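Notes for the one structure printed next.
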Amino acid sequence: MIPRRNYPVKRPAAIATAFLFCADQVMAQSAAVTSPFLLDETSHILVGVVAAMAGVLAHRAWSRRRWRRAPAGVVIESVLVVDLVNSTWLATHHGEDLAMRARNVLERRALEVANSHGVTFVENTGDGCMMTFPSVPVAAQAASKLLRGLRDRPPETAPGPPLEVRAAVTYGQILLDARGSRHGATINEAFRLMSVSSDAFVSVEAEERLSEIPDRNRVFLDEDAANELVSAKSAVRQVGICRLKGFTGFHRVYELLWSDE
């Protein structure tokens, strides 16, 4: 096996300088055997090529520096993720048009609720959306209002069934990139909580666990978010202990009792 060698990567300026040096050598060697007219024409071509290459290399270097500045900052926020349940089933049983209308209704209503609760960031996820808020109580209020508004069948989705969703709220440190997009484990945990199934929950001595774990129209919370809501005197209950894909150890999961608000 031929061993791999790590060759040094040349900077764009160094590459352009080397190219100019080679071009000068070619022109010098050609001067003795080329007529003045052809030499002048050749020099113009070479200058144009070098200028074009230098521009491309400079643009690539600027683009790399621009997008590699992430993370640009760190914030402590609450994450709310919402996802439409059985979107594939809607498409296969009621048609792609109704499934698309259901997604649009969920997105529009989520944005309306988010904007009225001081949302700081929104991102569409296909069958739902991810939003961030300055605090957990505000995120919980937005989630509750959204789910209560979906209890009745939206007229846009007739003759389909009422919309059902899963949601999750987490709280913690979030990384911001140069464009203001959000990243980090707090967001990843929210998506894992949103989609966690009853099979992921385990029985642990002295730990509470619901006999029937809700599958839809639920808002699950991580422990940090639940503690914030308890301090705000919001109604929560412990669902149980579970494993989350991509995260080590066991995690306490709580549910927001949004129906009682």
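The values are calculated or read from the model by the stated rules, or taken from the named source; none is laboratory data. Predicted, not measured: the structure shown is a model, and the values here were computed from it. With ideal geometry, Cβ positions are generated from the backbone for all residues, glycine too; neighbour counts draw on all protein chains shown. Areas reflect the complete protein model, heavy atoms only, side chains present, ligands, DNA and RNA absent. Shrake-Rupley method; radii C 1.70, N 1.55, O 1.52, S 1.80 Å.
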Report summary line: Under a 1.4 Å probe, counting only protein heavy atoms, Phe250 has an accessible area in Å², nearest 10, of 110
**Report entry** Rh by Kirkwood over Cα pairs, then Stokes-Einstein D for segment 90-224 at 0.692 mPa s and 37 °C, µm²/s
**Finding:** 201
**Report entry** Arg243, Arg209, ranked by accessible area, largest first (probe 1.4 Å)
**Finding:** Arg243, Arg209
Query raised in the report: So if R0 is 25 Å, what FRET efficiency would Asn227 and Ala72 give, r being the distance between their Cβ atoms, rounded to the nearest 0.05?
Result: 0.30
Report summary line: Under the rule rounded for a/c under 1.5, else prolate if a/b exceeds b/c, else oblate, using alpha carbon gyration tensor axes a ≥ b ≥ c, segment 130-189 is classed as prolate
**Report entry** Accessible area of Glu107 in the full protein assembly, 1.4 Å probe (Å², nearest 10)
**Finding:** 70
Query raised in the report: Can you give the FRET efficiency for Asp199 and Gln173, using 1/(1 + (r/R0)^6), R0 = 25 Å, r = Cβ-Cβ distance, to the nearest 0.05?
Result: 0.25
Query raised in the report: Placing +1 at every Lys and Arg Cβ and -1 at every Asp and Glu Cβ, with all other atoms neutral, what dipole size does segment 176-253 have around its Cα centre, in debye to the nearest 20?
Result: 280
Report summary line: Of Asp177, Asp152, ordered by accessible area with the largest first and a 1.4 Å probe, the sequence is Asp152, Asp177
